[in-house]
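Asks: The structure follows.
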Protein chains: 2
Amino acid sequence: MPTHEGPRTVAEHLAEVLALVSALPAVTTPIDEALGLVLAEDVTAPEALPRFANSAMDGYAVRAHDVAGASPEHPVVLPVVVDLPAGAESLTAVTPGVAARIMTGAPVPPGADAIVPVERTDAGVRAVTIFAPAALGAHVRRAGEDVAQGDLVLGAGQELTPYRIAAIAAVGRPAVRAHRRPRVLVMSTGSELVVPGETLRHGQIPDSNSYLLAAAARAAGASVVRLGAVPDDPDALRAALSSRADVDLVLTSGGVSQGAYDVVKEALIGLPEMRFVPVAMQPGKPQGLGRLDDGTPVLALPGNPVSAFVSFEAFVRPALLALRGLRGAALHRPRLLARATEGWTSPAGREQHIPVVLTQGEDGLEVRPAAIRGSGSHLVASLAVADGLAIVPREVGAVAVGDDVAVVRIAP
Amino acid sequence: MPTHEGPRTVAEHLAEVLALVSALPAVTTPIDEALGLVLAEDVTAPEALPRFANSAMDGYAVRAHDVAGASPEHPVVLPVVVDLPAGAESLTAVTPGVAARIMTGAPVPPGADAIVPVERTDAGVRAVTIFAPAALGAHVRRAGEDVAQGDLVLGAGQELTPYRIAAIAAVGRPAVRAHRRPRVLVMSTGSELVVPGETLRHGQIPDSNSYLLAAAARAAGASVVRLGAVPDDPDALRAALSSRADVDLVLTSGGVSQGAYDVVKEALIGLPEMRFVPVAMQPGKPQGLGRLDDGTPVLALPGNPVSAFVSFEAFVRPALLALRGLRGAALHRPRLLARATEGWTSPAGREQHIPVVLTQGEDGLEVRPAAIRGSGSHLVASLAVADGLAIVPREVGAVAVGDDVAVVRIAP
């Protein structure tokens, strides 16, 4: 049953996958719960920062002129008129000939124009002996030197890392508008699949794809409803889909190729927006995509574990990141170049996505295929040891030792 | 009040921090909940995989000899004696002169020694017309070709990525022994700190460090109790510590330097195992480390947000990863080399950890300091835009345009 449509490129298929999804609605989220979410608003500084001139050091606020000649041999002694811990509200001024004891972050008192660090003094409490001069403005953080009022701190579309959350807290925002996390329904299909740990009859194997795809979707920032394995029965599959939780994406594995029992294809091919198409990719050639009747996007991956794995990376992860509100280059893992330490072949006319092991060599990153035994794509070992994927262009038929290869890192 | 102990190197301090922690106890964890945990056991294959020879393609199981001369011009027609979907338990044999229809993953029937892909046939149901020969063993996944019985699939100490979880499922394990996640208590200190969004009096600023450290600890795989900001009052700090939840690590910011109100130092310095030490690092010089009376490890970071940020990366993140059960190089982000596109200075005798922006240039990774305005370490902007840290060795006083600099990536 050859298809009547020629294979599309990986890039063409990805573009069609991404056309199925858009950023999910924004919700107001406390910053303490916002890690990993994506901003749905621009965050600007409501006031200049620092709000007030403050000390960058523990020490003494002085008039620079008063300590201009200070040295270990000729120290300057000044009375201490006020003690300024961080958070001090005192407005006591430093007039000529006096000092204020000041802690890091405390407001620089009126009249003072320099800070002498405590290490250059005798650390006195009622009077201080100062052993060094201070330049005008020394160790003073000027009001507004960090951020001006109205400055853009973070733009919509940025992922909220710990350090970005700290920046939002620092401008006084307790919550932000962020895109909500995608909810994903994950199922594998195949009458041969049983729950891991259950007794296997002849012809049966443990379901691994539903665990793979659930964990990969979680790692990509989604919350997951994992249905497990559905048998090769279109009615069972349709029943599972019709009783499903409210989700933003349905993800299946298996049942999408040329076989007589391709359950996902059989159950969904009648839907007007579903298509089952060949992609010029190895592994991962048969792919399904489209929408259920209610508009929910569906990505139907091939069932071979390594095919499901590379299909997830190539198509599903970018789609999940787009649902989260990311855009452009942020949808993709950065591509690196690595030097092949083993050669391998790649099929003509298909872009190869092959699990690899990456190691840091003396001259840079090195790459070799993850499959140690055999040569099929059905390799548990590939899944266990791979920490990257190599992407070999369609027109390249073989990678030789020493070739530079494009790779992405998939493990921490 | 100069310290009576000379500064230690970053590496020396890190070694002392890591000596405070060890991998947390292992718990049996369902694989569906194990993402990001670290294996506390070796996982071996209880049986060889595949358990049975199976088909790598949808097609027909044949005897290779029977189709040796098949071609489009001279096809071979064989009766189909059995239909083998995935999961089939049939033991019907393929005798000379017959074929079995077979789906990907189904057991290869006794007597068959090759698979003809459906694309090279007329896809017949009762009889099949075959247009191409098949080599002995073609498209057959041999029993045991993936993993031998007893083979190590994953070793203790490895982090459970989606693909490793799939490998564990594939060998039939429903659960694994994994180190439990660390629980961390996070607080910032400083009487000037208020909850973001609350009205600020003169001298007050929003607390950002407790959000920074909580999010960073979560991103490093910990679960977090965030206490928020504690005022500069040793009794308040001791009260907060004594009423705390049961945690594996206490993390504080602020109150560790030379000032007169250094609350963490004041509250904890009497404990026999606590030390407050200078580290030859910029920023991040003052650091506290040790144990509470009950043995709980404490890491006391400086309070400047950028100092807290780089201290977390240098010391706390490796400690959290060690609590999770990781070891050796896995405790550290991989160091990359990047070419400086701006110059900057670095203090003599101190290893500089500076927030940077990384960009992919034509000739590789490029780096520039994240601080755009001003020059202090108190820069919200640094936190907002940094996606990496540059590490400049102690003996280097300046980075010039074009220099290669060691960097780590801190954002996705």
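Asks: Out of (1) among the hydroxyl-bearing types (Ser, Thr, Tyr); (2) within 30 Å of A:Thr161 (Cα to Cα); (3) in contact (Cβ under 8 Å) with a residue 60 or more places away in the chain, the odd one out for A:Ser223 is which?
Replies: The number of the failed condition is (3).
Asks: List the pairs whose first member sits in region A:160-188 and is at positive phi, whose second member is among the acidic types (Asp, Glu), and whose Cβ atoms are under 9 Å apart, counting only residues at least 6 apart or on separate chains?
Replies: A:Gly172/A:Glu47; A:Gly172/B:Glu198
Asks: Name, by its number, the condition in (1) over 30 Å from A:Thr199 (Cβ atoms); (2) modelled with pLDDT of 95 or more; (3) crowded, with 18+ Cβ neighbours inside 10 Å that does not hold for B:Val118.
Replies: Going through (1) over 30 Å from A:Thr199 (Cβ atoms); (2) modelled with pLDDT of 95 or more; (3) crowded, with 18+ Cβ neighbours inside 10 Å one by one, B:Val118 breaks only (2).
Asks: Name the one entry in B:Ala127, B:Ala135 that is farther than 24 Å from A:Val256 by Cβ, of a type in the set (A, V, I, L, M, F, W, C) and without any contact (Cβ under 8 Å) to a residue 60 or more places away in the chain.
Replies: B:Ala127 is the lone residue from the list that is farther than 24 Å from A:Val256 by Cβ, of a type in the set (A, V, I, L, M, F, W, C) and without any contact (Cβ under 8 Å) to a residue 60 or more places away in the chain.
Asks: For region A:387-412, enumerate the residues that are more than 20 Å from A:Ala314 (Cα to Cα) and either in contact with a Gly (Cβ under 6 Å, 6 or more places away or on another chain) or crowded, with 22+ Cβ neighbours inside 10 Å (or both). Spell out how you get there, then give the answer.
Replies: Filtering region A:387-412 for residues more than 20 Å from A:Ala314 (Cα to Cα) gives A:397-404.
A:Val399, A:Ala400, A:Val401, listed by residue number.
Asks: Shifting gears a bit: Name the one entry in B:Leu39, B:Leu78 that is under 44 Å from the mean Cα position of the chain (by Cα) and crowded, with 23+ Cβ neighbours inside 10 Å.
Replies: Numbers: B:Leu78 fails: under 44 Å from the mean Cα position of the chain (by Cα).
The unique qualifying residue is B:Leu39.
Asks: Regarding B:Arg335, is this residue at pLDDT 95 or above and not acidic (Asp, Glu)?
Replies: Spelling it out, it is not the case that B:Arg335 is at pLDDT 95 or above and not acidic (Asp, Glu).
Asks: List the number of the failed condition for B:Tyr261; all other conditions in (1) farther than 30 Å from B:Ala330 by Cα; (2) in a strand (DSSP E or B) hold.
Replies: (2)
Asks: Go through region A:210-225 and count every residue that is facing another protein chain (nearest Cβ under 7 Å) and either farther than 12 Å from A:Val250 by Cα or surrounded by fewer than 21 Cβ atoms within 10 Å (Cβ to Cβ) (or both).
Replies: Counting residues in region A:210-225 that are facing another protein chain (nearest Cβ under 7 Å) and either farther than 12 Å from A:Val250 by Cα or surrounded by fewer than 21 Cβ atoms within 10 Å (Cβ to Cβ) (or both) gives 6.
Asks: I'd like to check something: does region B:95-116 contain any residue that is over 27 Å from A:Pro412 (Cα atoms), out of contact with any helix residue (DSSP H, G or I) (no Cβ under 8 Å at 6 or more places or on another chain), in contact (Cβ under 8 Å) with a residue 60 or more places away in the chain and β-branched (Val, Ile, Thr)?
Replies: Yes, because at least one residue in region B:95-116 is over 27 Å from A:Pro412 (Cα atoms), out of contact with any helix residue (DSSP H, G or I) (no Cβ under 8 Å at 6 or more places or on another chain), in contact (Cβ under 8 Å) with a residue 60 or more places away in the chain and β-branched (Val, Ile, Thr).
Asks: Would you say B:Thr296 is more than 14 Å from chain A (Cβ to nearest Cβ), buried (at least 24 other Cβ atoms within 10 Å of the Cβ) and of a type in the set (Val, Ile, Thr)?
Replies: no
Residue-wise test of (1) in contact with a strand residue (DSSP E or B) (Cβ under 8 Å, 6 or more places away or on another chain); (2) more than 12 Å from every other protein chain (Cβ to nearest Cβ); (3) surrounded by fewer than 20 Cβ atoms within 10 Å (Cβ to Cβ).
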| residue | (1), (2), (3) |
| --- | --- |
| A:Ala93 | no, yes, yes |
| A:Ala106 | yes, no, no |
| A:Pro109 | yes, no, no |
| A:Ala134 | yes, yes, no |
| A:Asp151 | yes, no, yes |
| A:Ala166 | no, no, no |
| A:Gly172 | yes, no, no |
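Asks: Let me ask another. Are any residues in region A:272-326 in contact (Cβ under 8 Å) with a residue 40 or more places away in the chain and either assigned to a loop (DSSP other than H, G, I, E, B) or on the phi > 0 side of the Ramachandran plot (or both), and if so, which ones?
Replies: Matches in region A:272-326: A:Ala280, A:Pro283, A:Gly284, A:Lys285, A:Gly290, A:Leu292, A:Thr296, A:Pro302, A:Gly303, A:Asn304, A:Gly325, A:Leu326.
Asks: Considering only residues that are farther than 27 Å from B:Arg409 by Cα and more than 8 Å from every other protein chain (Cβ to nearest Cβ), look in region A:174-197 and name the one that is surrounded by the fewest Cβ atoms within 10 Å (Cβ to Cβ).
Replies: Restricting to residues being farther than 27 Å from B:Arg409 by Cα and more than 8 Å from every other protein chain (Cβ to nearest Cβ), the top hit is A:Arg183.
Asks: Collect the residues in region A:46-78 that are more than 10 Å from every other protein chain (Cβ to nearest Cβ) and aromatic (Phe, Trp, Tyr), keeping them in residue-number order.
Replies: Within region A:46-78, A:Tyr60 is the sole residue that qualifies.
Asks: Applying the selection to region A:1-58, what residues are assigned to a loop (DSSP other than H, G, I, E, B), within 28 Å of B:Ala411 (Cα to Cα) and of a type in the set (A, V, I, L, M)?
Replies: The answer is A:Leu20, A:Val21, A:Ala23, A:Leu24, A:Ala34, A:Leu35, A:Leu37, A:Ala40, A:Ala45, A:Ala48, A:Ala56.
Asks: Does A:Gly284 meet the test of being within 11 Å of chain B (Cβ to nearest Cβ) and under 29 Å from A:Ala390 (Cα atoms)?
Replies: Working: within 11 Å of chain B (Cβ to nearest Cβ): no; under 29 Å from A:Ala390 (Cα atoms): yes.
No, not satisfied.
Asks: Say we look at region A:231-258 and pick out the residues that are assigned to a helix (DSSP H, G or I) and among the charged types (D, E, K, R); which of these is farthest from A:Val396 (Cα to Cα)?
Replies: Within region A:231-258, the subset assigned to a helix (DSSP H, G or I) is A:234-242.
Add one more test, that the residue is among the charged types (D, E, K, R), and what stays is A:235, A:238.
Numbers: A:Asp235: 43, A:Arg238: 41 Å.
Out of the qualifying residues, it is A:Asp235.
Asks: Looking at region A:141-149, can you tell me whether even one residue there is surrounded by fewer than 20 Cβ atoms within 10 Å (Cβ to Cβ), more than 9 Å from chain B (Cβ to nearest Cβ) and within 30 Å of A:Val21 (Cβ to Cβ)?
Replies: no
Asks: Okay, next question. Which count do you get for residues in region B:29-59 that are in contact with a Lys or Arg (Cβ under 6 Å, 6 or more places away or on another chain) and β-branched (Val, Ile, Thr)?
Replies: 1
Asks: Considering A:Asp248, A:Asp207, A:Asp235, which residue is in contact with a Lys or Arg (Cβ under 6 Å, 6 or more places away or on another chain) and not aromatic (Phe, Trp, Tyr)?
Replies: Exactly one of A:Asp248, A:Asp207, A:Asp235 is in contact with a Lys or Arg (Cβ under 6 Å, 6 or more places away or on another chain) and not aromatic (Phe, Trp, Tyr), namely A:Asp248.
Asks: Tell me whether region A:348-360 contains one or more residues that are more than 27 Å from A:Ala19 (Cβ to Cβ), in contact with a strand residue (DSSP E or B) (Cβ under 9 Å, 6 or more places away or on another chain) and part of a loop (DSSP other than H, G, I, E, B).
Replies: For region A:348-360, residues more than 27 Å from A:Ala19 (Cβ to Cβ), in contact with a strand residue (DSSP E or B) (Cβ under 9 Å, 6 or more places away or on another chain) and part of a loop (DSSP other than H, G, I, E, B): absent.
Asks: So which of B:Ala314, B:Ala308 ends up being touching a Ser or Thr at 6+ places or on another chain (Cβ under 7 Å), small (Gly, Ala, Ser) and either within 17 Å of B:Ile410 (Cα to Cα) or within 14 Å of another protein chain (Cβ to nearest Cβ) (or both)?
Replies: From the options B:Ala314, B:Ala308, the qualifying one is B:Ala308.
Asks: Still on this structure, I have one more. So which residues in region A:14-36 are closer than 25 Å to A:Gly150 by Cα and more than 11 Å from every other protein chain (Cβ to nearest Cβ)?
Replies: Answer for region A:14-36, where residues must be closer than 25 Å to A:Gly150 by Cα and more than 11 Å from every other protein chain (Cβ to nearest Cβ): A:Ala26, A:Val27, A:Thr28, A:Thr29.
The values are calculated or read from the model by the stated rules, or taken from the named source; none is laboratory data. This one's a predicted model, so the numbers in the text were calculated from it and none came from an experiment. Please note: Cβ atoms are built from the backbone with ideal geometry, for glycine as well, and neighbour counts cover all protein chains shown.
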